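Written below as structure tokens is the structure these notes are about.
The values are calculated or read from the model by the stated rules, or taken from the named source; none is laboratory data. Here the structure is a predicted model, which means the values were calculated and not measured. As a convention, Cβ positions derive from the backbone with ideal geometry for all residues, glycine included, and neighbour counts pool all protein chains shown. Each accessible area value is taken on the protein alone, full model and side chains, heavy atoms only, with ligands, DNA and RNA left out. Shrake-Rupley method; radii C 1.70, N 1.55, O 1.52, S 1.80 Å.
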Amino acid sequence: MNGEPTRPLLFTPLSLRGVTLRNRIVASPMCQYRSNDGCPNEWHLMHLGRMALGGAGIVFTEETAVEPRGRKTYDCAGIWNQQQVDGYARITDLLRSLGAVPAIQLGHCGRRAGTHGPMQGFSALTSEDAKRGQAPWAGIAPSALRAAPDMPEPIEMTLDDIATVTQAFADAAKRSDAAGFDICEVHGAHGYLIHQFLSPVTNRRTDAYGGDREGRMRFALEITEAVRRVWPDTKPLFFRLSAVDGKGGLWNEDDTVALSRELVQRGVDVIDCSSGGITGDSAMPRLEYAPGYQVPFAERIRREANTSTMAVGLLIDPNQCEAILAQGRADLIAIARELMLRGDWPVHAAKALGVNDYLDLFPADYAWRLKRREAGLSFTASY
Ligand SMILES: Cc1cc2nc3c(=O)[nH]c(=O)nc-3n(C[C@H](O)[C@H](O)[C@H](O)COP(=O)(O)O)c2cc1C
């Protein structure tokens, strides 16, 4: 028999609201630090297009700032104007034409604003940078606590600031829809603004947006409500969270389950389970990095918040990815660095898992050529 008794779950389509994915593999958001005034360019077309060509079901843009001061660096992505919408429309067209669902991650870096890029250790911009046209700017945060000793003190947000940023998320979601994205993710992880509100390490407010867990969750939930109100009902909404703060932090897994339940009630379809970004001096341990180290978060949230989850973090082995899905520990597998190394990882994973038509993840003309090669036919005969 030449059949395929059971198609691996990793390569079984999945429908979320009105959107159907060709498989369960997701190109995870990856900041590129190559935008021009927030606009994507040829680099993004190539970087994202490569992963769509390689067979991913969903291709996420990097964290895209909802307002200019919500960028870490001058080179970060943004979606606060029409020029950026037009730039992204070109990208969503390409991703869709390659069979992938185009997805955008919306974010705001809060107190981590005004820095150099990762290869300079995210060091703060200085007056020297101002001389070459890149003046530092002040970050905003729930409380005026520096992100690092060399970073300027952020501005504590007023209630007006909170309303402005919430509206900026909603406006960015509307623009994302106009740009042709089919999935929107709110970035609530990795020590950026929303996470800064969630964690007691960074949120010392005494008003309705601080204090107990309910108060610290308010900003995340209001943003989610604002985005869901304008994001079409037919399109899925994801939320990325840090299931635990990080070494010495205070936000923990129980908090995450409580937050996830509230997010689901507000129309979030998938909880994207990452971790880290805020550290302190509590007894919270550092996570040990190993393949699938964050999967236990996706599993618990899926079970206890009764929601779909996305697992991420050192997921490289196709058999491990398939087992995570088959054991009901997560619904989607997100991959970042392995797709930098091998943009066509999904094709190789499909082959490894015994999918007969693995070449059909490629566009038809690629698949046709490669199938002829596999059949031992000359490449010249068909020119
Ligand atoms: C170059 C790079 C940029 C990243 N940028 C983002 C980002 O914009 N938003 C985000 O939520 N995570 C970002 N991440 C984290 C990844 O999405 C992913 O969660 C993490 O790398 C773990 O997955 P991996 O082991 O498959 O790389 C980035 C990771 C890398 C390597």
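Distance between the pseudo-spin-label points of GLN134 and GLN167 (7 Å out from Cα toward the beta carbon): 3.1 nm. Only Lys, Arg, Asp and Glu carry charge here, each on its Cβ (+1 for the first two, -1 for the last two); on that basis the stretch 310-383 has a dipole of about 220 debye about its Cα centre. Rounded to the nearest 20 debye, the dipole magnitude of the stretch 1-102 is 300 debye, with +1 charges on Lys and Arg beta carbons, -1 on Asp and Glu beta carbons, and the Cα centre as origin. Most tightly packed first, judged by the mean number of other beta-carbon atoms within 10 Å of their residues, the peptides 162-174, 287-299 read 162-174, 287-299. For the stretch 130-174, the fraction of C-alpha pairs more than 11 angstrom apart is 71%. Using C-alpha pairs under 8 Å with a sequence gap of at least 6, the mean separation divided by the residue count of the stretch 52-203 gives a relative contact order of 29 percent.
Determine the share of the stretch 115-170's accessible area contributed by carbon and sulfur atoms, expressed in whole percent, with a 1.4 angstrom probe.
Working: 1730 of 2990 Å².
Its accessible area is 58 percent carbon and sulfur atoms.
Shown here are the Rg and Dmax of the Cα trace of the stretch 89-208, at 16.9, 50 Å. Taking square-rooted eigenvalues a ≥ b ≥ c of the alpha carbon gyration tensor, is the stretch 198-254 rounded, prolate or oblate, where a/c under 1.5 means rounded and, failing that, a/b exceeding b/c means prolate? Note, shape of the stretch 198-254 comes out oblate. Using the Cα coordinates of the stretch 180-325, the gyration tensor eigenvalues translate into equivalent-ellipsoid semi-axes of 23, 22, 12 Å, sorted from longest to shortest.
Straight-line reach from LYS235: taking Cα to Cα under 26 Å and skipping same-chain neighbours fewer than 8 places apart, the lysines in range are LYS174. Helical runs assigned H by DSSP (4 residues or longer) give the chain a calculated mean residue ellipticity at 222 nm of -10500 deg cm²/dmol, each run adding -39500 (n - 2.57) before division by the residue total.
Summing Cβ point charges (Lys, Arg +1; Asp, Glu -1) relative to the Cα centre of the chain gives a dipole of roughly 600 debye. Modelled spin-label separation between SER282 and ARG337, with each label point placed 7 Å from Cα along the Cα-to-Cβ direction: 2.7 nm. Projecting the Cα atoms of PRO236, VAL101, GLY114 onto the charge dipole of the chain (Cβ charges, centred on the Cα centre) puts VAL101 farthest toward the positive pole.
Helix 82-97 versus the longest principal axis of the chain: what angle, 0 to 90°, nearest 10, using Cα atoms? Helix 82-97 sits roughly 30 degrees off the main axis of the chain.
Entry comment: accessible area of the stretch 246-383 is 50 Å² per residue, from protein heavy atoms only and a probe of 1.4 Å. Over all distinct Cα-Cα pairs of the stretch 1-130, the Kirkwood formula returns a hydrodynamic radius of 16.1 Å. Kindly provide the pair-distance distribution of the chain built from C-alpha pairs, with 20 Å bins from 0 and whole-percent values in order of increasing distance. Histogramming the chain at 20 Å steps yields 29, 57, 13, 1 percent. Quick one: Debye curve from the C-alpha atoms of the stretch 314-355, no solvent, what's log10 I(q)/I(0) at q = 0.19, 0.31 Å⁻¹? For the stretch 314-355 at q = 0.19, 0.31 Å⁻¹, log10 I(q)/I(0) is -0.55, -1.17.
Between ALA208 and TYR289, the distance separating the two model label sites (each 7 Å from Cα on the Cα→Cβ line) works out to 4.2 nm.
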